[in-house]
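Working notes, structure below.
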Amino acid sequence: MNKIKSIALAALLGATAVSCDDVLYENVNPDVAHRNTCSLGLPVLVFYSSQVNYDHAEYNIYLSQCLTTMGKSQTGTYAYKSGWQFLTMNRHPQWRRHFYDIGVNGKELIANAESLGSLNYEYIARVIRLMSTQLTTDAFGDMPRSQAYESNSPKYDTQASIYDWMLKEADNLTDEPGAEDPFYSKAVNCETNQKIDVSQDRVYAGDLSKWKGLAYAIKARLLLRNIPNVDRSAATCQKIIETAQKAIDTWRGGDAIYGAWFGSEPRYNFDGGVTEENAQWSESQPIINAWESRDNRLTEAVPSKFFMENCLGVINQGDELKQGFYDKENGYGNDPRLLLLFRPNKGPISASNASEKVMLRYLENNIGAGSTYKQSHFPTLYCGAYAAAKDAYTPLFTMEELYFIQAEAYYWMGNKEQACALAKEATRWNIQRHLDRFQKDNPSPTGGLTVPTDQCRPQGTNTALKRWDRMVTAFLENEKVEKTKPASEIGNMHYFFNPSQYTLSDLMMQKYIAMYMQPEQWTDLRRYHYSNNRNGYGIGDDKEIVYPGLRRPYNLYQAFWIDGLTDAEKENTWVQRYNYDPETEEKYNLAELERLGAAKNYKWLRKPMIWAEDYGVRKSLTAE
Amino acid sequence: MKIQYKTLLLTLGAVAVLTSCEKNDPLESVVEPGQKVPTAYWEVGSTACKAGESFTFQGKYTVDYEGASPSYSEVWYRVVRDESAAATVKLGGASLNYTKTVADNQVMRSYQPIARFSHDLAEWAGHEFQITGSVPVSRTLKPVNWTDIATWDGDRFNQYYPEGFADEFNNEVINLLTKDSTYYNALRQVYISHPFTMEQFAAANAKYKVNFPTNIDMTKEDNGAGEKSDLWFSTTQASEAAIIGWYYVTIDAAGNKIIHEVAKDVQKKEGINYYPVYDSAEWVFCRYDDDLGAIISTVRSAYIPAFKDLLASITFDQWIYDSANKVYKVEFSRKYSLDAQFRVYDSNGEEGIANDVRTISIN
């Protein structure tokens, strides 16, 4: 008993000792939600599906040498638009977007949907996760997938294994024969599905049949990665064509939201308003949650010489005193999109001629503008379908891309005529896409249609409308119509749609233009090894040069991109990937970066994606 | 249970009681740690004081314990010296921006009692004693400034600046100007504006087998600057007429860039990229750089040792002379500050020091 008394006394003393009023409980903030519901989770995820596309496109438009700046520094906060000194950047928003904004929210949404028995939520979440995985691995390469969210330092999966997972997931989401776990029908027919309306899903208002189109489209994009470096076989090309067709048919079936041609391609439509309510590429330059995003800095951007001369064919090129002038019959050059994507501004005619005139100005990449010029002399870039207005849209995938995917597959099957026809049709509608926005923003006072004229001012007169049609015809058909010269006689003196002499370059240059402000623009360049007439990297049996006129930016960071390289080596040394997000991976998962050889290693930036290795190195996208 | 376990448990419990809560500190209510000393606090009238004058203060203190009463108070201070000496190169023009600075911070005199105030001077303010007074500051602590002087004074320079400062400065400037092309424009400016003699150029030509012009008319008002400016020329606008040759680049086994210069009429080989070399002064290599997309000029490596010799003849005062403002760009400052304490003594000789050390800068 004495023993028990002693223990009881000691326990009592201990209790007295620690029973202070100031005991700290875990604080719970009553103003913050600790759990989420599907109806609240889905809008966030759908919004981030547009944001992740923007995040990649914002980097890629500079990496693909489409836009540049007035500067010429080797280093800077934005390595992707200066000298590619990526290792001092402190954050890449794409990483967080995938692993946190989409990954964590998607994971929670899927868990909630399963517990709720509403599989339609899970389906949409999985389609968006598939798209985000594709965008992220195609920028970073190997990355966490199978062990993601298990710890702060998960093992990275190889890019090939991620491709394997993505292709299987695409099959599951489209109920392909042979799919391991078909999910589409299960989700559509789930009797306990809750209703999803447009307030939750701004893209399709919960219509899973249209989301299925995105799963097909992503799969077509993944299969296209076989060309030209992995598998160029006719069977693969045929599979690409069929998969893209399924996406096209899916989006053109049922109620086509955006007309017969664009069908129901996935667009995230913005209303315009404050911050996130505005289109990412618009003039309001929204930044999502401050530090975790980058705004579009189109106010500091300048179109590149490659884009303006070689791709779009600006007029009088090479003549310092006349290039970029407006011609009444041919506009600013071969491609009518010169009038839709830019609004030219007044400025000095040249570095040595201070007389001011409205001209479409541009610069070589990272060469610097010289002290004569100000930003206001270069064209305004808030034009076109995506950047024109605060209530524009960000597409998750475009119909043109599906056409170009098919065209590329046809080209590699040897059917150049069909490739040319598809590219021409896609280009015609890409022009229309941007014209639609122009006409929406510039309605005619009399209610009719308008077209852009000099300084991209709208006109709705019969003369202007007819002249516009002539320009489009001269460009697409290479015909001389009245005084309007055919494409082969002005600008870059090249006709891009000649079925009898159709080239890979014709195809990919037009895809490059159609992918303006889309992530794929840079992917294509890498897939084709930045092939240009300086590096002489010929593609295919005919050693075709794909991007004539393309060149490495000037003033690249010397230690990474110039020192120790011969002229020939330099021309073939391009940036192939982003470094892993320094803010998270270098702090929490350094061991994995060291295992891969990616830790603070600039040579990692030069390592090609599995689909951008030299032809013959890899026989399969999914084999290790 | 053995008795020692019981004891241990009870002891642990007792310790836990005594230490477990900040708000319940039984130790403080049963013991009084430490020696009793006067409690003091003070403020100064100003944190700046002129040398040779006094600063004022107000002190407050209490002796609230048995067996002692206040006796007197004192103000103590130590003297701290801050010195900064800098010189800026001006001969190379605005493009060469180099300043060498040395700084020193030392306690010149440790804490000493400066003034004593009898307790009789203090007044009881209801809950504490208050005293006001002033403390003298020596006129020898006056600050010194020696900046942008119109006439060079070597003796004062040696007095204020550490030994070796001028030599280190000269060497660093010469190294900056000759190590690479960063300060190409500054080197050109030095060549033009410094009155090197023709004998110096001739000596450099002979010693290094180079070819500086030696027939510049130095008797002109500008000391030949205009003529030298014309002699050191390079091409800035690309033109066919200005091309005097070609160069190509190879990389050696160690990864170093080797530039090969060839004549204008050379038979160009297939597979090699030739870039233009443009017309310029003989000691300048003026070329198109394809990585930068611009024409750049550098001093030819054969001339670098000769330039080093020429630059070594320039004295420290010549390097720092600002000809536009007609001053030598030196900046020396010496100033003192006081770290002052207020101390109160009781009738037992126990000392209480105010926590606040007041810093007073001397001007």
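The values are calculated or read from the model by the stated rules, or taken from the named source; none is laboratory data. Everything quoted here is computed from the prediction, not taken from an experiment. Cβ placement follows ideal geometry from the backbone for every residue including glycine, while neighbour counts extend to all protein chains displayed. When the accessible area is computed, the model is the full protein with side chains, heavy atoms only, and any ligands, DNA or RNA have been set aside. Shrake-Rupley method; radii C 1.70, N 1.55, O 1.52, S 1.80 Å.
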Among B:Lys179/B:Lys209; A:Lys374/A:Lys570; A:Lys81/B:Lys179; A:Lys305/B:Lys257, the pairs whose Cα-Cα distance exceeds 22 Å are A:Lys374/A:Lys570; A:Lys81/B:Lys179; A:Lys305/B:Lys257
Measure nothing fancy, just the Cα-based angle from helix A:208-224's long axis to the longest principal axis of chain A, in degrees from 0 to 90, nearest 10.
-> 70
Of the accessible area of the protein assembly as shown, computed with a 1.4 Å probe and all protein chains kept, carbon and sulfur make up a percent value of 49
Can you tell me the dipole magnitude for segment A:177-219 around its Cα centre, using point charges on the Cβ only (Lys, Arg +1; Asp, Glu -1), in Debye to the nearest 20?
-> 160
So who's got an amide H within less than 5 Å of the one on A:Thr69, skipping anything under 5 residues away but keeping other chains? H placed 1.01 Å off N, in plane.
-> A:Val302, A:Asn366
Everything considered on the Cα gyration tensor (a ≥ b ≥ c; rounded for a/c under 1.5, else prolate if a/b is larger than b/c, else oblate), segment A:127-209 must be described as prolate
Relative contact order in percent for chain A (Cα pairs under 8 Å, 6+ apart) equals 18
Heavy-atom accessible area per residue - chain B, 1.4 Å, Å² = 56
Which residues' amide hydrogens lie under 5 Å from the amide hydrogen of B:Thr359, considering only partners 5 or more residues apart or on another chain, with H built in the peptide plane?
-> B:Ala340
Which value, in square angstrom to the nearest 100, describes the accessible area buried between chains B and A on both sides, using a 1.4 angstrom probe?
-> 1800
Those chymotrypsin sites (Phe, Trp or Tyr not before Pro) from segment A:136-228 that are DSSP loop and have at most 16 other Cβ neighbours within 10 Å turn out to be A:Tyr149
Note, segment B:149-155: 3J(HN,Hα) by Karplus (6.51, -1.76, 1.60, θ = phi - 60°), whole Hz, Gly/Pro = x, goes 7, 7, 10, 6, 10, x, 5
Structure-based [θ]222 nm, chain B - -39500 (n - 2.57) summed over DSSP H runs of at least 4, per residue, nearest 500 = -6500 deg cm²/dmol
Amide H neighbours of B:Gly245 at under 5 Å, excluding residues fewer than 5 places away on the same chain, with H built from the backbone geometry, are B:Val277
Net dipole in debye of segment A:209-255 [+1 Lys, Arg Cβ; -1 Asp, Glu Cβ; about Cα centre; nearest 20] = 120
How would A:Thr69, A:Thr158 rank on accessible area, largest to smallest, probe 1.4 Å?
-> A:Thr158, A:Thr69
Could you work out how far helix A:2-18 tilts from the main Cα principal axis of chain A, as a 0 to 90 degree angle to the nearest 10?
-> 30
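Quick one: dipole size for segment A:102-171, taken about the Cα centre, charges +1 on Lys/Arg Cβ and -1 on Asp/Glu Cβ, in debye to the nearest 20.
Its charge dipole is roughly 80 debye.
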For segment A:320-327, 3J(HN,Hα) per residue [Karplus equation, 6.51 cos²θ - 1.76 cosθ + 1.60, θ = phi - 60°, Hz, x = Gly/Pro] | 3, 8, 10, 5, x, 6, 8, 10
Taking +1 at the Cβ of each Lys and Arg and -1 at the Cβ of each Asp and Glu, which of A:Leu476, A:Trp522, A:Asn229 sits farthest along the dipole of chain A towards its positive end, judged by Cα position relative to the Cα centre?
-> A:Leu476
With point charges of +1 on the Cβ of Lys and Arg and -1 on the Cβ of Asp and Glu, referenced to the Cα centre of chain A, which listed residue (A:Gly447, A:Tyr258, A:Ser151) lies farthest in the positive direction of the dipole?
-> A:Gly447
All aspartates and glutamates inside 13 Å of B:Lys308 as judged from Cα atoms, apart from same-chain residues fewer than 8 positions distant = B:Glu172, B:Asp180
Of B:Val89, B:Gly352, B:Thr151, farthest towards positive along the dipole that unit charges on Lys, Arg, Asp, Glu beta carbons give chain B | B:Val89
Calculate how steeply helix B:3-19 sits against the longest principal axis of the alpha-carbon atoms of chain B, using the helix alpha-carbon long axis, and give the answer as 0 to 90 degrees to the nearest 10.
-> 70
Can you spot the aspartates and glutamates whose alpha carbon is less than 14 Å from A:Lys440's alpha carbon? Ignore those fewer than 8 places along the same chain.
-> A:Asp391
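Across chain B, where is the longest run that never hits GluC sites (Glu not before Pro) in a DSSP loop with at most 14 other C-beta atoms within 10 Å?
The longest such stretch corresponds to B:67-162.
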Partner lysines whose C-alpha sits under 16 Å from that of A:Lys210, ignoring same-chain residues fewer than 8 away, are A:Lys186, A:Lys195, A:Lys219, A:Lys246
